[in-house]
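Presented below is the structure to which this report refers.
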Ligand SMILES: [Zn+2]
């Protein structure tokens, strides 16, 4: 008799396997299976299968089960459980092996993973090691949230969480990153504890830095140690502030005025100036932080830097004191910021470094930038092809510390333990609403599709958000459990504070929700009302639900999330489930305008991300990526900056595709098809997939298709 196994392969039947399996079931019930029983099983089995030539594994199991059931039901049960467990393990292993085989064949990691992120450049066993557990991580995360919900809200059915996730109206970000299932999302840390204690309190070896050399070396350790404990970005807004402090200690307060002074040691053969030495430090730090981090599935640490204009500097650090009692100095910091930016821009023609993602914060009031020198420099840097974000506000109230996220901060909040606590901000957990699906579900209540959102929508979304707040609060409590168990040393050491971070409501599918109602996503009154209504409704509900829950502070905000992989997932899920989706795109982009709309000018893009559409409603921010096909002049950028400030567009960048010749390595800040240096047509292009600049070839297939539909404007207007 031949046995057909589950994988379809055949093998010769062996009665021994059957009697051994039955004996194990008897053992599991602490009964010794007698020779007599074994004999009977053998006889019955042979009788029943007489004349049979081929039999399946499952048929064999059924016969054994029947036999045991007649003789000893308890043993039969044990047999069934064992059989079940065995099948589960087999299926689990098969699933993993299938994944490994898929991963081997795929073009890049983004296409193989269930949660893609083009921040992973390569494809190797180290990355596979992290990717293979992602699905299990998601299940563990969901199990933990549901358990917590049950504990916190006995009258609330925790199954709602699974139901809401399964119905695709909400999405919990980065459930897959941590095997421990629960981890904070992203943060902007104060580096002050680093100056007083080094990284000893977060598990490192080094004590506080004493000079510029040790500061730079240990800063890299700090980044790797902290980002290993976050699913998303880690911003160190103060990096250059502290760099400047140590540079002044090294060469005096006027070091920047003597940057070209020769500091070659009498015994050194290598000529050296202060500036050169500074650039060596930059090089060491920046190349190190762009190195894949093993603790993050070989993603690079997602690092953000902030630059400040003078009013921002005064607002953030006016009351700041270094541990030795001295204060930061604007003149040298301002020089250092500019020097770093110019160095970084230049370095990116040698190597396309992704990190840090940079944001320049400026104050614009009564029709002018208060710090004209900084504003002029920003325009000049853009014209040199530098790719960074600008944040404009009329007060020093917020910090854009992530590549997209705007967070309210309390400025000048200094103390001698934590330094500038105002810098501490970020998002602990992000749950994103699929607005297109939610609006379509709501519209089903009407005979014909409504033309605008109304009060019934407020009621509709309130119910959903009511549940989402519970999920966030449960997650917050799980984070506090981690904190109380000493598993979040970055927090315990004072770099960041759980109470200061936000629980974020993300938004995706905004354009499609509007289009479904028949509203065009360009500068028009209907769309304006639509955006204000949605953002306003969510902000209102957030505000009402802020407060203390289970002894911990809960502050909610709303953000147009970048949705690197979610944008494509939502589109596909909606299409599969019969919802209306547009045919002119393959994803739900994260802007107020449609990035594939040829009719929208650069100026309109700024207007659509300005006060009339976003206002103060989107308090978690949104980033406008102004795609352009070549760089503008300093004067043109200067006009655009003023225009952006006037229309209240707070956070944006100009984005031009960069190209790199694969043969000679030549890099240009503008796209080319044929290398102008060597004539090769083997070219790699770089673009912002969302917030950060990476090689397009590393993107998921869906994102690469979308990139081709992006409109890169050729003129300012
Ligand atoms: Zn070339």
Relative contact order of the chain, pairs being alpha-carbon contacts under 8 Å that are 6 or more residues apart, as %: 13
5 Å binning of all Cα-Cα separations within the range 428-505, expressed as whole percents from 0 upward: 3, 13, 20, 16, 12, 10, 9, 7, 6, 4, 2, 0
In degrees, nearest ten, helix 634-646 long axis to first principal axis of the chain (Cα): 70
Antiparallel DSSP beta bridges within the chain, as percent of all bridges there, nearest 5: 50
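Can you pull the Rg over Rh of the chain, Cα-only, Kirkwood? Please report the intermediate quantities before stating the final value.
Values: Rg = 29.7 Å, Rh = 28.3 Å.
Computed over Cα atoms, the ratio is 1.05.
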Cα-based helix-to-principal-axis angle, 525-545 vs the chain, degrees rounded to 10: 70
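Antiparallel as a % of all DSSP beta bridges within the range 595-717, to the nearest 5? Each step should come with its number before you reach the end.
Details: 9 of 15 bridges.
Given both bridge residues lie in the range 595-717, the antiparallel proportion sits at roughly 60 percent.
Using the count of nearby Cβ atoms within 10 Å as a rough guide to exposure, how do 238, 250 rank from fewest to most? Present the calculation step by step, with values, prior to reporting the outcome.
On the way: 238 26, 250 16.
Taking fewest neighbouring Cβ atoms as first place, the list is 250, 238.
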Structure-based [θ]222 nm, the chain - -39500 (n - 2.57) summed over DSSP H runs of at least 4, per residue, nearest 500: -14000 deg cm²/dmol
Protection-proxy order for peptides 581-587, 208-214, 218-224, each taking the mean of Cβ atoms within 10 Å per residue, highest first: 218-224, 581-587, 208-214
Cα gyration tensor shape of the range 187-420, rounded if a/c is under 1.5, else prolate or oblate by comparing a/b with b/c: rounded
Cα-based Kirkwood hydrodynamic radius, the range 595-717, one decimal, Å: 15.7
The range 243-373 shape via C-alpha gyration tensor axes, a/c threshold 1.5: oblate
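Is the C-alpha gyration tensor of the range 2-98 telling us rounded, prolate or oblate? Criteria: a/c under 1.5 is rounded; beyond that, a/b larger than b/c is prolate, otherwise oblate.
On the way: a/c = 2.33, a/b = 1.22, b/c = 1.91.
Verdict is oblate for the range 2-98.
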The range 115-253 - convex hull of the alpha-carbon atoms, volume per residue in Å³: 160
Ascending count of other beta-carbon atoms within 10 Å, so fewest first, for 57, 93, 607: 93, 57, 607
Label-to-label distance, nm, for residues given as residue 125 and residue 15 (7 Å Cα→Cβ offset): 4.5
633, 176 arranged by Cβ crowding within 10 Å, fewest neighbours leading: 633, 176
Between helix 73-105 and the chain: long-axis angle, C-alpha atoms, 0 to 90°, nearest 10: 40
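FYI, it's all coordinate maths here, none of it is from the lab. Computed from a prediction, not measured in an experiment: that's the story for all the values here. Backbone-built Cβ (ideal geometry, glycine too); neighbour counts: all protein chains shown.
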